[in-house]
Each structure stands twice: as structure tokens, then as C-alpha cells.
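A.B. asks: My questions will all concern the structure given below.
The values are calculated or read from the model by the stated rules, or taken from the named source; none is laboratory data. Small disclaimer: the values here were computed from a predicted structure and weren't measured. Counting neighbours? That spans all protein chains shown, and the Cβs are built from the backbone with ideal geometry, glycine included. Accessible surface is based on the protein model in full, side chains and every heavy atom, while ligands, DNA and RNA are left aside. Shrake-Rupley method; radii C 1.70, N 1.55, O 1.52, S 1.80 Å.
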Amino acid sequence: MRKTKIVLAAAGFAFLVLLIARIGPRTLARQLAVVSWSLPVLITLGLVKVVLRTWSWEQALAADGVVVGTRRLLGIAVAAQAMAYLSAMGPVVGEPMKPLLLRDSAAVEASVVGTLVDTGVYWFTSALLGLAGALAGILLLGGVPGTLAMLAVSVAMFTAALSLLLSRRPVVTRVRALVCSWKGQGHQSCSWLHKAEEIENRIRSFRFRHPAAVRRMLCLGLLIQAVTAAEALTVMNALGIHIGLFALLAVEAANRLVKIVSFYVPGRVGADEGGAAGTFLLLGMDPAAGLTLALARRVQALFWAAMGLVWLSLRGSARSARRLVCPEQGKESFDAGSAFIARNP
């Protein structure tokens, strides 16, 4: 498994080097210098996205009776985002981290439903924008040979994702019935699947139990997607490139498709850059601009990943300090108690 990840990361890096060589290092360096002023704006937009996502997560937790301070949730969200970005299969790593990092303030069982509901709402709004972008791509590129089939598959993928997220039919129930009939009701996997079934039922019923919270989360999720699109507009404006609404939607849809296809590549190195350059080429724009956009977004992601690692480090240091202080305080209390008993036999 580890060797596979190393090979994929190396292949992605090699592809990125070849892409830069093909486009031209001087051209890329010139464009990066032009957009350098926009990097603080991109980092700020990244903060806006994290804050909006944290508010959405807070809404989900509060609706289920888990009340945690926004500041703590923000730190956990940044840390989970960092681990998701730096790991292969990012969301599979990042999202489960949230209830685990929150266990000092709330039980994992209590916070896992709200966390997964927030994740589902975020994926729903992302798939919604992806579907709009795929349809926009059909309008722009429907006449280009070889692209219509690819865009139709993209539409089908996003539609299937939306249908799955909106479906009321539980998935784990059918899996549990299959596994338990095969392994037997007494098998440990049946017990795990039974707990997973309970969690899935609570997740799927969440929008009926807390409709107001879901509406607020949907609004926040759509704002996050709008801020994400604003990142592309910021870079394009810095490069002096006018990009229409349909082209912008198509670029964002391609970005989401690349994330889905390359989810197993650590950091999606090479995949993001190649996907962006290829999308810009199909849309009749400079592929160097697409590569510049992907690299600018990578700088933003690496900055917030570093902030997440710093938060985790400080949290670990604080825990270590508490572990050191508590035994020392306990020893002082014991010595004081012993002295009191000696003076008062």
C-alpha cells in the first residue's frame, strides 16, 4: 500500500515536471510573477471557506445537541483539512478525524452524525455546481469531436452522486443483510454493520428532523462553492483573462472531476495541474493559465495545510504540558497532605 502511494506520488510529480517543460518554465514563471499579488487574496478566500464550513458543521452539531465553541471547531476543521490534503484518499482520512479530534469536548458517537451530515451537504453543493459545470461544458464544447461523450459521462456521475445523497433508501441495511446471511448473525461484522445502520438512519433522517438547520447548511455550502469559483476569477483577473460564466462553471466542474478520479494520489500532485491545463486547452484558452491557476490553488492549500499541522502540534504540546503538570501537582498535593497529617496526629 505504501509503495503504491509512493509510486503514484512520484508519477504525479514526474507528470508535473513534464507539463511545466511542455508549457515552458519561462512562460510559467512570468505568469506566476504576475499573479503573485493575488496569493494573499487566495489565502484569505481559503480562510473564508474554512470559516463557512465550520459554521455549517457547527449548525449540524448543535441541531443534534452537541454544543462546541466555534474557535475549537475552526482549529479542528483546519487540521482535518490539512490531513485530508496531505494524505491519499483525502476525505476518507480528513472527515473521520473531526469526531476523533473533538472527543475531548463531545463523545465520538454524539458528534459523528452531525459531522457526516455536514460532509454530505458539502458534497451535495459541490456535485450541484459540478452538474451545472458539466451542462455548461456541453453547451460550450458539444460540437468538439470526442468531448460530448466525456461530458455526458460527467453529467451522469454528478447526477448519480446527487441521487445517492438525496435517497431515502438506506445502503447499509442491504449490506448488513447480505453479510449477516453469509457470515451469520453472531459474526462481529454484523454488530459493526448494525451500528453503522443506526448511524446511517440518523443521517438520512436528519433533514426531516432538523429542516431549518439543513437549509442554513445548504446556504453556507452554496456560499463555499461561490467562494471557490471566486478563486478562479481572482487568478484570471490577475492574468488579464476574461472568463465567461459558462467557462468558469466548466473549469470548476473539471476541477471536481479531477478530485474524484485522482483521490488516491497523495496531494493529487500532477493531477490538478494536468486537469486544469487540459480544461483550459479544450475551452480555447491558454493552458499555461490553467496550470498557473492550479499552482496558485496549491500554494493556498499548502499554506492552510501548514496551519493545520501547526494547530495539531500546539494541541499536542498543550496535552504533553498537562500530562507533565498534573503529576507534579498531584505530588505537591500529596506532600502537603502528608505534612498536615504529621502536624496533626
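A.B. asks: For the stretch 31-50, check the following and say yes or no: at least one residue is free of Cβ contacts under 8 Å to residues at least 24 places away in the same chain, within 23 Å of ILE203 (Cα to Cα), surrounded by 13 or more Cβ atoms within 10 Å (Cβ to Cβ) and not aromatic (Phe, Trp, Tyr).
C.D. replies: No, every residue in the stretch 31-50 fails to be free of Cβ contacts under 8 Å to residues at least 24 places away in the same chain, within 23 Å of ILE203 (Cα to Cα), surrounded by 13 or more Cβ atoms within 10 Å (Cβ to Cβ) and not aromatic (Phe, Trp, Tyr).
A.B. asks: Which one of these does ARG22 not meet: (1) surrounded by 15 or more Cβ atoms within 10 Å (Cβ to Cβ); (2) under 25 Å from LYS259 (Cα atoms); (3) of a type in the set (D, E, K, R)?
C.D. replies: So the condition that ARG22 fails would be (1).
A.B. asks: Name the residue, out of SER317, SER313, that is in a helix (DSSP H, G or I), of a type in the set (Ser, Thr, Tyr), surrounded by fewer than 19 Cβ atoms within 10 Å (Cβ to Cβ) and modelled with pLDDT of 85 or more.
C.D. replies: SER313
A.B. asks: Same structure, new question: Restricting to the stretch 280-304, what's the tally of residues that are open to solvent by less than 20 Å² (accessible area, probe 1.4 Å) and in contact (Cβ under 8 Å) with a residue 24 or more places away in the chain?
C.D. replies: Looking only at that region, the number is 9.
A.B. asks: Output the residue which, of all residues in the stretch 185-211 that are among the small types (Gly, Ala, Ser) and open to solvent by 40 Å² or more (accessible area, probe 1.4 Å), is modelled with the lowest pLDDT. Step through it out loud before you land on a result.
C.D. replies: Let us first name the residues in the stretch 185-211 that are among the small types (Gly, Ala, Ser), namely 186, 189, 191, 196, 205.
The next check asks that each one be open to solvent by 40 Å² or more (accessible area, probe 1.4 Å); those that pass are 186, 191.
Details: GLY186: 65, SER191: 71.
Looking at the filtered set, the residue picked out is GLY186.
A.B. asks: Continuing with this model, one more query. Is it the case, given these coordinates, that VAL67 is open to solvent by 20 Å² or more (accessible area, probe 1.4 Å), part of a helix (DSSP H, G or I) and of a type in the set (A, V, I, L, M, F, W, C)?
C.D. replies: When the stated conditions are applied, VAL67 does not pass them.
A.B. asks: What about VAL214, is it among the β-branched types (Val, Ile, Thr) and at pLDDT below 85?
C.D. replies: Working: among the β-branched types (Val, Ile, Thr): yes; at pLDDT below 85: no.
It is false that VAL214 is among the β-branched types (Val, Ile, Thr) and at pLDDT below 85.
A.B. asks: While we're here: Exactly one condition in (1) assigned to a helix (DSSP H, G or I); (2) in contact with a Lys or Arg (Cβ under 9 Å, 6 or more places away or on another chain) is not met by ARG169; state its number.
C.D. replies: So the condition that ARG169 fails would be (1).
A.B. asks: Going residue by residue through the stretch 101-112, is there one that turns out to be in contact with a helix residue (DSSP H, G or I) (Cβ under 6 Å, 6 or more places away or on another chain), assigned to a helix (DSSP H, G or I), β-branched (Val, Ile, Thr) and modelled with pLDDT of 85 or more?
C.D. replies: The answer is yes, given that some residue of the stretch 101-112 is in contact with a helix residue (DSSP H, G or I) (Cβ under 6 Å, 6 or more places away or on another chain), assigned to a helix (DSSP H, G or I), β-branched (Val, Ile, Thr) and modelled with pLDDT of 85 or more.
A.B. asks: Here's a follow-up. Hey, any hits in the stretch 221-244 for a residue that's on the phi > 0 side of the Ramachandran plot, open to solvent by less than 40 Å² (accessible area, probe 1.4 Å), part of a helix (DSSP H, G or I) and not acidic (Asp, Glu)?
C.D. replies: Step one: of the stretch 221-244, the residues on the phi > 0 side of the Ramachandran plot are 240.
Okay, now just the ones that are also open to solvent by less than 40 Å² (accessible area, probe 1.4 Å), so none.
Within the stretch 221-244, none of the residues are on the phi > 0 side of the Ramachandran plot, open to solvent by less than 40 Å² (accessible area, probe 1.4 Å), part of a helix (DSSP H, G or I) and not acidic (Asp, Glu).
A.B. asks: For the stretch 79-100, give me the residue count where each residue is over 10 Å from the mean Cα position of the chain (by Cα) and either at pLDDT 85 or above or of a type in the set (Ser, Thr, Tyr) (or both).
C.D. replies: Here the count works out to 5.
A.B. asks: Let me ask something additional. Take ARG103 and decide whether it is over 22 Å from GLU200 (Cβ atoms) and either open to solvent by 60 Å² or more (accessible area, probe 1.4 Å) or not acidic (Asp, Glu) (or both).
C.D. replies: no
A.B. asks: Using beta carbons and a limit of 8 Å, which pairs, at least six apart or on different chains, have the first residue in the stretch 227-250 and over 15 Å from LEU45 (Cα atoms) and modelled with pLDDT of 90 or more and the second one small (Gly, Ala, Ser) and open to solvent by 30 Å² or more (accessible area, probe 1.4 Å)?
C.D. replies: Taking only residues 6 or more apart or on different chains, the pairs are LEU249/ALA132.
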